[in-house]
Amino acid sequence: MDLRFSAEETAFRDELRGFIRDQLPDDIRERMRLGYAPRKEDTVRWQRILNQRGWAAFNWPKEYGGPGWTPVQRMIFLEENQPAPAPEVSSFNITMIGPVLIQFGTQEQKRRFLPRAANIDDWWCQGFSEPGAGSDLASLKTAAKRDGDHYVVNGQKIWTSTAHHADWCFCLVRSDPGAKKRQEGISFLLIDMRTPGITVRPIISIDGSHHLNEVFFDDVMVPVENLVSEEHRGWDVAKYLLGHERTGIARLGKSKERVKFAKEMAHEMRANGRPLIDDPAFRQRVAQLEVDLKALEITQFRVVSAYEKSEAGRPDPLSSALKIKGTELLQATTELAMNVGGPLAMPDWAQELEALSNEPELGPAWAAEATKNYLFLRAASIYGGTNEIQKNILTKTVLGL
Amino acid sequence: MDFDLTEEQRLLRDSVDRLLADHYGFAQRRAYLAEPEGHSKAMWERYAELGLLGLPFAEEYSGFGGGAIETMLAMEAFGRALALEPYLATVVLSGTALRLAGSEAQQSAILPQIAEGRMTLAFAHGERQARYDLSDVLTTAKAGPQRGWVLDGAKSVVVHGDNADRLIVSARISGERDDPDGVSLFLVDANANGVARRSYPMRDGTRAAEISLSAVEVTADDLLGAPGKAFPVVERVVEAASPR
C-alpha cells in the first residue's frame, strides 16, 4: 500500500465489510447508530462473533489466536468495524494485555490468559493512573510487598475504566520503594478482581454515565506467578504497552460514522425555515470536517504504510499527530451532532424513558445521547496519553527540539 | 463609556455571591436536586427576601427597578453555583414577556407575586419541530366562548415547565408556520383542563417538560398584548436570555 489500496487489500476490505454487515446484530447496530455507548453485553456479543471468525484479536499473530494481519490489514479492520457502527473490541484485552503477554508472558500465562482475553471470557481493566500519578505515571505509589509466594498490594488507582465489569486488572505497582530511579522500582502484576481487599467505587462522569472508577487495594494477596516480566522491571512492560503499535488511535472510522449520522439527522431538523442540511453555514461546517478527516486519513495511510515497510517495526512518532488530530476531530463530530439536535439535545429524557417504559417516547434519544457523547469525549484529548504529552513527543522526535 | 458597576450593583453582586457561597455547596445542591420540585423552595424564599425575584421589575410592582445588568449579576452567581431554581424561566423569560406585553392590570396582578416568591412561571414557546426558528409556531389559538381563546398544540423543552404555576404560551391565531405575523402570547394556568405535562431532567439536572395543550380555554384577559402581534416580544424575550 502507498496511498491507495492494492487489489488484495481492496478484496480484504470487501470481505470484512460483508462479514460485518451480515453478522453484526441489528439491535447492537441500531443502539450504536443512535449514539449509545455499547453495553458490556454488546461488546462481549460482538467480540465473540469476531473471535469465532478468528478476527477479534486483530493485532495478534496466528499462533496466539489472532489472524496474523499486516499493519495495513489491521487498520482496514478498524476502519470497517467502527463505521458499521459496531462496538470496538476491548482495547484492554486486545491491544494492551494481549500484546504484553505475547511479548513478556510466561508460557503458563499465555496459555491461561490469551484465549480467554480474545474471547472476552475475562474482562480486563487497566490499573495505571493514581490520584498522584497520571501523565507523570512513574510517580505511582500503590505498593506491592513480597511475602512468601505472594505480593501484598496496598494503595489506590483512579479513573479505572470499566473496573466494575472487570474480572482481571493489569496493574503497575511499586515493588521497590528504595530504587534510585523511580522507574526502576515498579512491577507489572495481574490481579484477580475477586481477590478479597479490592473495593471498586464508581465515578459518575459529567455525562451521567458510570464508566470510570476508583479502585482501592487493602492487603490484596497476589500470587507471584501473576508477575509479568521480572520483578522491578514493570516500567519496561508499561512502555511497551503504551508505545505499542498505535494504529487506530485516530478512531477515524468512528468520526466518519458520526459525521454521516449528523448529516442524516440534519435532514430532519430545521434552520431558517428549511432543512438544516440545506443551510449554507451548516454545509460549510460539515464540509470542513470531512476535508479534515480526509487529510487525516491520508496521514494515517502514510504512517501505517511507513510502519509496514520499516524493518524494525518501530512505531512512528507521527502516531502522536494522529492521536492529537484524531481526538480533536472526534470531539468536533460530537459537537456537530449536539448542535444538530439544538434544544432537543438539552434533555436527559433517555434516562426518564427507561423509568417510564410504558409511556410513548418523550423525545429523540439520539439528541440526548449526542450531548452525553460530547461531554464524555472531552476526555478523548486526555486519555491514551494527553494531547499535551503527545505534543511533547512530537517536539522531541519530529521537530528535534 | 463606563463599564464599572455602581456602588449599589456591587453591593447586590456581593450579597448574591455570599448567599450562594453559604448555601450552594455541591452537597447542598445534591440535596436540592432530590427535593420534589428538583430545586430548593427555601432558596427561592431567600432570593425573594433579598429582592432578587423583583430585580427587573418597577418599584410599583414590588420590584427593585433594575435592568439587564442587575439580572446579569444574579445569573452569573447562579451559573457559578449551577443553581437549580426557576430564576431564568420566571424572572428573566416570563418577566420580560410580561413587562413588554402585559397590560397594567396583568403586570400588577402577577409581577408582585413573582417578586414576593409566591408564583413561578415558564415560557412555553419552543416546539419539537422548530429547533431555533422562533417563528415556527404550530400551536393554535382559536376564538372561544365569551371573547376567550382555545389553545391546541405541543410545547417542547419548556425549561422549568414541570412545576411552574403559570405558563406563557405562544400560539398562532393566523398565518402559516414560520409567519411572524399571527403569533400571540397567552397566560395559562398550568393546572388548567387540557394541559398535560411530562417532566424530565436536563443534562445538568435542571427540570424541563414536554407540554401538550388540548382544547385549553383561556379568557380574553389572558391574552398578552395585541392579538397576533407578539412575535417581536418573543424575539426580545429570547434575546434577554441569550449570551451574545
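Values computed for the structure shown
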quantity	calculated
Residue ranges of strands (runs of 3 or more DSSP E) in region B:164-233 with at least 2 members away from chain A (no Cβ under 14 Å)	B:166-172, B:183-189, B:207-218
Selected residue (criterion: most open to solvent (accessible area, probe 1.4 Å)) from residues of region B:111-129 that are within 12 Å of another protein chain (Cβ to nearest Cβ) and over 12 Å from the mean Cα position of the chain (by Cα)	B:Arg128
Qualifying position, being of a type in the set (Gly, Ala, Ser), in contact with a helix residue (DSSP H, G or I) (Cβ under 8 Å, 6 or more places away or on another chain) and in a helix (DSSP H, G or I), among B:Ala48, B:Ala27	B:Ala48
Filtered residues of region B:68-90 (kept if in contact with a Gly (Cβ under 8 Å, 6 or more places away or on another chain) and in a helix (DSSP H, G or I))	B:Ala89
Contacts under 6 angstrom Cβ, first residue in region A:367-378 being within 15 Å of A:Trp349 (Cα to Cα), partner surrounded by fewer than 20 Cβ atoms within 10 Å (Cβ to Cβ) and aromatic (Phe, Trp, Tyr), 6 or more apart	A:Glu369/A:Tyr36
Count - residues of region A:114-166 that are among the aromatic types (Phe, Trp, Tyr), open to solvent by less than 40 Å² (accessible area, probe 1.4 Å) and part of a loop (DSSP other than H, G, I, E, B)	2
Filtered residues of region A:375-401 (kept if assigned to a helix (DSSP H, G or I), touching a Pro at 6+ places or on another chain (Cβ under 7 Å) and surrounded by fewer than 15 Cβ atoms within 10 Å (Cβ to Cβ))	A:Thr397
Residue list for region B:204-219, restricted to those being on the phi > 0 side of the Ramachandran plot and modelled with pLDDT under 95	B:Gly205
Output for region A:229-281, where each listed residue is of a type outside the set (D, E, K, R) and within 18 Å of A:Leu137 (Cα to Cα)	A:His232, A:Gly234, A:Trp235, A:Val237, A:Ala238, A:Tyr240, A:Leu241, A:Leu242, A:Gly243, A:His244
Counted residues, region B:167-186 - those being under 14 Å from B:Phe123 (Cβ atoms) and in contact with an Asp or Glu (Cβ under 6 Å, 6 or more places away or on another chain)	1
Lone qualifier among B:Gly79, B:Gly63, B:Gly95 - being within 18 Å of the chain's Cα centre (by Cα) and more than 27 Å from B:Tyr200 (Cβ to Cβ)	B:Gly63
Single condition A:Asn59 does not satisfy, out of (1) surrounded by fewer than 23 Cβ atoms within 10 Å (Cβ to Cβ); (2) in contact with a Gly (Cβ under 7 Å, 6 or more places away or on another chain)	(1)
Only listed residue being within 21 Å of the chain's Cα centre (by Cα), within 14 Å of another protein chain (Cβ to nearest Cβ) and of a type outside the set (Ser, Thr, Tyr), chosen from A:Ile204, A:Ile191, A:Ile158, A:Ile249	A:Ile204
Residue tally, condition at positive phi and surrounded by fewer than 18 Cβ atoms within 10 Å (Cβ to Cβ), over region A:238-292	2
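Conditions (1) among the aromatic types (Phe, Trp, Tyr); (2) within 21 Å of B:Glu239 (Cβ to Cβ); (3) at pLDDT 95 or above, marked per residue:
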{"residue": "B:His39", "(1), (2), (3)": "no, no, yes"}
{"residue": "B:Ala42", "(1), (2), (3)": "no, no, yes"}
{"residue": "B:Glu45", "(1), (2), (3)": "no, no, yes"}
{"residue": "B:Gly51", "(1), (2), (3)": "no, no, yes"}
{"residue": "B:Pro56", "(1), (2), (3)": "no, yes, yes"}
{"residue": "B:Ala68", "(1), (2), (3)": "no, yes, no"}
{"residue": "B:Met75", "(1), (2), (3)": "no, yes, yes"}
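The values are calculated or read from the model by the stated rules, or taken from the named source; none is laboratory data. Owing to the predicted nature of the structure, the values given are computational and were not obtained by experimental measurement. Note that we place each Cβ from the backbone using ideal geometry, even for glycine, and neighbour counts take in every protein chain shown. Please note that ligands, DNA and RNA were not included when accessible areas were found on the heavy atoms of the full protein model with its side chains. Shrake-Rupley method; radii C 1.70, N 1.55, O 1.52, S 1.80 Å.
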